[in-house]
Every structure is written in structure tokens, then in C-alpha cells.
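Student: Okay, handing you the structure first.
The values are calculated or read from the model by the stated rules, or taken from the named source; none is laboratory data. On a predicted model such as this, the values are computed, not experimentally measured, just so you know. Here the Cβ is made from the backbone with ideal geometry for all residues, glycine too, and neighbour counts use every protein chain on show. For the accessible areas, the whole protein counts, side chains as well, though only heavy atoms, and no ligand, DNA or RNA atoms are used. Shrake-Rupley method; radii C 1.70, N 1.55, O 1.52, S 1.80 Å.
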Amino acid sequence: MGLAQLSMALLAAAGGALAADLQPIEAKGSKFFYKNGTQFYMKGIAYQLELGGGSGLTRRADATPSKRYIDPLADEEVCKRDVPLLQELGTNVIRTYAIDPKADHKACMQLLQDAGIYVVSDLSEPDLSINRDNAQWNTALFARYTAVIDELAQYSNVIGFFGGNEVSNAKNNTGASAFVKAAVRDTKTYIKNNKKITRWLGVGYAANDDKDIRAEMAAYFNCNNVDEAIDFWGYNIYSWCGQSSMQKSGYDQQVKFFAEYSVPVFFAEYGCNAGGVEKRTFDETTALYSDAMTGTFSGGIVFKYFQEENDYGVVKLSGKKAEKMKNFEALKEKATAARPKTVEMADYKPAGKMSDCPKVAGNWEANKALPPTPNKDLCSCMVKSRACIPKSNLDSSKYGEIFGFICNASPASCAGIKANATTGIYGAYSMCKDEEKLAYVLDAYYHSQKKASDACDFDGSGQIQTVNSDSSCTDSLAKASDLNNQVATATAPVGGGAQATSTSDSFAVHGAPVVRLFAIGDFAVGLYMLVALCIGAGMVAL
């Protein structure tokens, strides 16, 4: 009998104790606890293959052609192969970066549960994520995020979700953090108001270790009010390389920095591979679960399980077989030997506090006023109420030219889609899909031109429709119109806005800057092709 078969047989033999649902994890102050009050530390590993990442794995025949990720929890045979190895490593948490909310995860989630393994998952996927280069928080993203929540919330061994991963990774793109924090706010609210979810599920963020913005990032996501602040803070850190120490790696400074943080902090990725992955000895794992760190940190997640081109794996695939690498044994030795001290929930008295929001300055561009909550009903009402809209079959590659012309020629026509993270000024329709934003802009321009016969043409891209005066939309449209009138001349947050490193396109490594965008002033819209943005150079003739 092979190792995988033997391990699974042992799991089955364990019987009812393993078959019962795992105790849900919850947070109190800056620590995680099992439902029974025992403290919980993450001993995790990142578990996701990249499509075309050098693993030799290709897309399954039944997969969606456009999908650029492999759901790690949707293949029962793969999970049967890997779960025993995860268990051998002493793993009690895996991190997944993208799952398909329409896939069947029951088999894999049961195998993980039987092995005592929890899941924390990112909410995005490569083609639906908040882009650091020109961020949006819109109805399409919100639908994706809530679909993932709906799918995974049914399993008791899910701890929570990441609203973003290294989206802001330098001081010149920190404005994107406003959109990620809005995503955290809205997904937290969605969980809170979902009657099917009766236990704690956290929503957090995974940040990179950038010395220029690390303090501001940690403060921003945990400031202003609890409803919009993260439930936990993940830190992607690779500063402990080879023979190092608490002082040399800077771990001692991280302990000091987060000592009074009010929510759990853990390493969302760690495991420096300087000199090659097989030289990893995981001495930092020993440090992470030592008394020097456990007062502040709640464990961590090693990057990563699968060996690929980025050279971080502990298991190498050979066809359908998983072969343990040398550093698998190193991690196993350190992780299984770790015995962090615990405190009982009843005896624990949280002393942490929320942070002060960082001021908008040279290295921080995100206002504490956040983008509005995506509202697909409002967007639909708006489109139905417009007279001039894009043709239903309009190629999205033409959007850029039209946005470019109108927002330069008539900025007031674009007030409703304005999105400026630094000033905290957002139009009521800044959260709609791009085709809906285009309807708003086209109609506003059409009316600014006194409904001239050619003002809705745009070389055949626009059309006149009969306005639908839906009485159920009246109040919401009136409020949106009032807000947009204020936004047109605002210099500070108004309305809803007032309320509330190494980079690649690899979703598993850093961020997910996949759908490239451009901005025309403060107006963020999708870039579907390169277009000339100078008036008179490639612009649409009216």
C-alpha cells in the first residue's frame, strides 16, 4: 500500500472523532480560538497550482476556456493525493488564492476536515480582482466575492477570506487600498446580514513587507470603525533567509510594531528561498511559534506546497504523482515540533486598540472616505432611465475612445463615475460596470448638447431608447442625482464617500494586476485596447 493510501486508511480508521465537523474558529481581540475556547495557531501552507506555472499541468477539458486558474479544491483525486502529505507536514490551514464558486467542493472539503485542516481563501481570481494600477470596486467584483463566500461558508472548516493580496505594494499605488477596504467593508456586511451564516467568518487583507508603506498599510486597514476594518491581518514576509535571527530578520521589530494591534496578525506567506528552495531549513518556523513571537503573532502560512517555476515548493509533481522534496522534510521537522503556548479565551483580556488613520501625504494616497457599496439595482435603474445608451452589441474595445472624448470635452458629464481615492470623492455610479458607466456618460453628454440629433451617434456606437420611468427607481435615482451634483464641484468627500516590490501577473505570488485600466483624470474605466486619448488624434468624430 502506498503512502497516500495508507494515510487515508488511517484517517478512515479513526472513525467518528474525525468525521464530526471541526470546531469553528473565531477571533477575540488579537487571537484566534476554537469554539471551545482553546487558542488556535495557524500552521499553514499555500495550496494552489498556477496555470502554466511550470508544473506541466494543463487546463482540464471541461474547464471554462477563459478561466486562468485551477481550483485547488475541486478535484477529489488530487485532494486524496495531497491531504495525507499536508497532514504529514503538520498543516492545520491551507490558503487558496482562487476557487470557482460554481464548482463542487464537497469531497475536498470533507477530506480536509477529516484531516483537521482549515481553509482561508482569497475572494478574487485573476480576471476579477482589484487592480493596483487603477482600482475599482464594482458590481462585478462584488458578485464574485459574495459568490465565493456563499460557496465556502457552508463548510465549518473555513476560517475566513482575504479581500486582497498585495494590491498596494508601493507608495505610488496606495490609493488602491481605499477600494480594497471598501471590499472588506461590504463583504463583512454581507456576511453579517446573511441569515445562512450563523458563525464567525473573518475578512482580512494580505500585505507585502514594503518599508515605505508597511506602517500606513497596517494602520489604514484597522482604522476609523470596526464595520469597515479588517478582522485579521496577513503579512507576506520573506525577511528571514538562511541562518538568520530575530534581530537580523527584523522579526523582533515586527513583534514590537504589532504588539498593540487589535486583531489577529499572522504570516500570510513566508519562506525565503534565497540560494534555492532546497536550502530552506525553516528556522523561522521555530521562531514563529516561540515565546518571542506568540504573544503577538498567531502563526503563519508557508509559501508554498507545489514546486513551480518560482521555486518555492515542498512537493514536486511528476505526472499525477506528488514527490516530497528535501525542504518538505525540513518543514515537517520544524512545524511538527512546534508547541506554542496557549491561553484560554475566558482568561484572555484583549488590550489592543484600533489605529489612527494615516494622513494623506507623500507616501500615502488613500483617504479614509471609501468608495460606495456596489448596487446592481441602482445601476440597472440608471441605465433604464437614460435616453442615450451604447448599442447592445457595441464592442468593448470602443469604450475607451468614447470615455476619453466625453470626459475631456465635458468633465461634468462624467461626475457620476468619478472615483478619486485621495480626495475621497466618488460619484454614485462609480461602482457600476463599465457598460453601465458608459450609458450614464453618453446620456449626460447628450443632454449637455441639448439633445442634438448627432450627439448620441458616436460613429454608430450610441442609440436612443425609450426612457423607462420605473416608480421603484425614483427615490434612488433622485438621491444619486443629488450626490452627483455635489461631486461635480466637490473638493472633499460628500455623500456615501463621507460615510464610510517584485511584481508579476501571478495571482498566487503578488496581488492580481490582471485587467489593465486607465484613468482620464479622476474617471476610472476599463481599458480594452490602446486608444488615442488626445483630442483630435484618433477621437470619434461627432
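Student: If GLU284, GLU88, GLU309, GLU76 are ordered by their accessible area, calculated over protein heavy atoms with a 1.4 Å probe, which sequence runs from highest to lowest?
Tutor: GLU309, GLU76, GLU88, GLU284
Student: Using the Karplus curve 6.51 cos²θ - 1.76 cosθ + 1.60 with θ = phi - 60°, work out ³J(HN,Hα) for each residue of the range 317-323 in order, rounded to whole Hz, and write x for Gly and Pro.
Tutor: Rounded to whole hertz, the list is 8, 10, x, 9, 8, 10, 10.
Student: Using Cα positions and a limit of under 26 Å, work out the lysines in reach of LYS80, with same-chain residues fewer than 8 apart set aside.
Tutor: Straight-line reach from LYS80, under 26 Å: LYS43, LYS67, LYS102, LYS106, LYS304, LYS316, LYS320, LYS321, LYS324, LYS326, LYS332, LYS334.
Student: Over all distinct Cα pairs, what is the inverse of the mean 1/r for the range 228-319, reported as the Kirkwood hydrodynamic radius in Å?
Tutor: Mean inverse Cα-Cα distance, inverted, gives 14.0 Å.
Student: At a 1.4 Å probe radius, carbon and sulfur cover how many percent of the accessible area of the range 25-347?
Tutor: Roughly 49 percent of what the probe reaches on the range 25-347 is carbon or sulfur.
Student: Taking N as the number of residues in the range 413-493, what value does Rg over Cα atoms divided by 2.2 N^0.38 Å take?
Tutor: 1.17
Student: Among residues other than SER318 whose Cβ falls under 13 Å from its Cβ, what is the net charge (Lys/Arg +1, Asp/Glu -1)?
Tutor: Once positives and negatives cancel, what remains is +4.
Student: If you take the square roots of the eigenvalues of the alpha-carbon gyration tensor of the range 25-347 and sort them as a ≥ b ≥ c, do you get rounded (a/c under 1.5), prolate (a/b over b/c) or oblate?
Tutor: Rounded is the answer for the range 25-347, as its axis ratio a/c remains below 1.5.
Student: Right, next: Give me a comma-separated list of calculated 3J(HN,Hα) values for the range 423-439, in order, Karplus coefficients 6.51, -1.76, 1.60 applied at θ = phi - 60°, integers in Hz, x for any Gly or Pro.
Tutor: Once rounded to whole Hz, the list reads 7, x, 9, 9, x, 4, 9, 5, 9, 7, 5, 4, 5, 6, 4, 5, 4.
Student: Further question on the same structure: What is the antiparallel percent of DSSP beta bridges lying wholly in the range 25-347, to the nearest 5? Show your work: numbers first, answer last.
Tutor: Details: 11 of 42 bridges.
Close to 25 percent.
Student: With the alpha-carbon atoms as the only input, what is the per residue convex hull volume for the range 143-200 in Å³?
Tutor: Enclosed volume per residue, from the Cα hull, is 83 Å³.
Student: Also: Taking the Cα centre of the range 42-198 as the origin, how large is its charge dipole in debye, to the nearest 20, when only Lys and Arg (+1) and Asp and Glu (-1) carry charge on their Cβ atoms? Don't skip to the answer; put the middle values down first.
Tutor: Details: 19 positive and 19 negative charges, 124 e Å.
Charge dipole of the range 42-198: 600 debye, to the nearest 20.
Student: Based on the alpha-carbon gyration tensor of the range 344-385 and its eigenvalue square roots a ≥ b ≥ c, which shape applies: rounded if a/c is under 1.5, prolate if not and a/b is larger than b/c, or oblate?
Tutor: Values: a/c = 6.79, a/b = 1.69, b/c = 4.03.
Oblate is the answer for the range 344-385, as a/c is 1.5 or above yet b/c matches or exceeds a/b.
Student: For the range 169-276, which trypsin sites (Lys or Arg not before Pro) are in a loop by DSSP, counting at most 13 other Cβ atoms within 10 Å?
Tutor: Sites meeting the loop and neighbour criteria: LYS195, LYS196, ARG199, LYS211.
Student: Only sites in a loop by DSSP and with at most 15 other Cβ atoms within 10 Å count here; which GluC sites (Glu not before Pro) in the range 318-388 make the cut?
Tutor: Of the GluC sites (Glu not before Pro), the ones in loops of the range 318-388 whose Cβ has at most 15 other Cβ atoms within 10 Å are GLU344.
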